[in-house]
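Below: one structure, written as structure tokens.
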Amino acid sequence: MAKRDELCLNHSDRPATTRCSSCHKPVCDECVVASGGGKFCSQACADRTANFQAHAAGVKGKGGGGKMVKLVVKVVILTVIVLVAYVAYQKFVKGKSNKSIQRGLQRDADKLQDAADDVKKDVKDMAE
Ligand SMILES: [Zn+2]
Ligand SMILES: [Zn+2]
């Protein structure tokens, strides 16, 4: 006498040859429903797995990941610009003491800092 779980779900006198990929019930060759995602006991199980896979793929594909990457790249570029501007500003301050040049550079550095802060805010909004 074979064990109960080795018999087909629908035929109590037939041995099961496979198990449903979704609910793990045993089924025979005649009852098995073959689908892209595997072998199933019924069309319902096949559909459930197909829907789940489609949903998982959709979440992976969308999710605003591309937008996020673009924002991060923007932040990195702006940070580099701000750093370069800051270093240049420091050099000017030490090298020359022309106050109008200093003021102009300070303005530019402030503008760049503001732009960087805006992008950082965008990233924070998206993360929340
Ligand atoms: Zn099933
Ligand atoms: Zn069967």
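When segment 4-21 is limited to residues that are polar (S, T, N, Q) and within 11 Å of ligand 2 (Cβ to nearest atom), the one that is surrounded by the fewest Cβ atoms within 10 Å (Cβ to Cβ) turns out to be Ser12. Among the residues of segment 40-51, those that are within 13 Å of ligand 1 (Cβ to nearest atom) and in a helix (DSSP H, G or I) comprise Gln43, Ala44, Cys45, Ala46, Asp47, Arg48, Thr49, Ala50. Every residue in segment 22-43 that is farther than 19 Å from Ala56 by Cα and more than 15 Å from ligand 2 (Cβ to nearest atom), please. Residue satisfying the conditions is His24 alone.
Looking for something within 16 Å of ligand 2 (Cβ to nearest atom) and either open to solvent by less than 90 Å² (accessible area, probe 1.4 Å) or part of a loop (DSSP other than H, G, I, E, B) (or both) - is there at least one such residue anywhere in segment 59-72? Looking through segment 59-72, none of the residues is within 16 Å of ligand 2 (Cβ to nearest atom) and either open to solvent by less than 90 Å² (accessible area, probe 1.4 Å) or part of a loop (DSSP other than H, G, I, E, B) (or both).
The values are calculated or read from the model by the stated rules, or taken from the named source; none is laboratory data. Every value quoted in this text rests on a predicted model; they were computed, and no experiment measured them. Cβ coordinates were reconstructed from backbone atoms using ideal geometry, including for glycine residues, and neighbour counts include every protein chain displayed. Note: accessible area is taken over every heavy atom of the protein model, side chains too, but ligands, DNA and RNA are not part of it. Shrake-Rupley method; radii C 1.70, N 1.55, O 1.52, S 1.80 Å.
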